[in-house]
Amino acid sequence: MEGPDGTELAGVGSRFVSYLVDGIIVGVIGYALTLALVAIGVDYTSASFTGVPCGLVYFTYFFGTGQTPGMKVMNVKLIRTDGDSEIGYGKGFVRWIGMIISALVLCLGFLWILIDKHKQGWHDKIAGVYVVAANR
């Protein structure tokens, strides 16, 4: 399937695997930070909240650059719907917030990708981006 400008849109499978890879990376980093905080005396419950800032920094940074490590593995990237080539950290942050919203409503925002003509989830629409095949 093609986007409005003829760019090949990323498939659902590629997107799913990229989310999975990124989730594992953020999870490992968050868990390592949690263990480090517990080792210096922070209680486990408080320390376990490191996942939120880890996700914030990781996804804002990599969305802002247009490609997360998981997206690189699956050879997909983000482009703006308005045709500008740079995503930027502002849109990266907005997309991360959009992912939280997409997940909170029974993951409907992610499932929306299956029925949307441009394969956009709510988080993509909120941030004004498409997920497309990256040039090899």
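Within the set Val132, Val73, the sole residue that is out of contact with any strand residue (DSSP E or B) (no Cβ under 7 Å at 6 or more places or on another chain) and surrounded by 14 or more Cβ atoms within 10 Å (Cβ to Cβ) turns out to be Val73. Scanning the stretch 45-63 for residues that are surrounded by 15 or more Cβ atoms within 10 Å (Cβ to Cβ) and either of a type in the set (Lys, Arg) or at pLDDT below 95 (or both) yields a count of 4. Summed over the stretch 76-90, residues that are loosely packed, with under 15 Cβ neighbours inside 10 Å and either under 19 Å from Val26 (Cα atoms) or at pLDDT below 95 (or both) total 6. Annotation note: of Val42, Val26, the sole residue that is touching a Cys at 6+ places or on another chain (Cβ under 7 Å), over 20 Å from Gly109 (Cα atoms), surrounded by 14 or more Cβ atoms within 10 Å (Cβ to Cβ) and not aromatic (Phe, Trp, Tyr) is Val26.
The values are calculated or read from the model by the stated rules, or taken from the named source; none is laboratory data. Values in this document were obtained by computation on a predicted structure and should not be read as measured data. Counting neighbours? That spans all protein chains shown, and the Cβs are built from the backbone with ideal geometry, glycine included.
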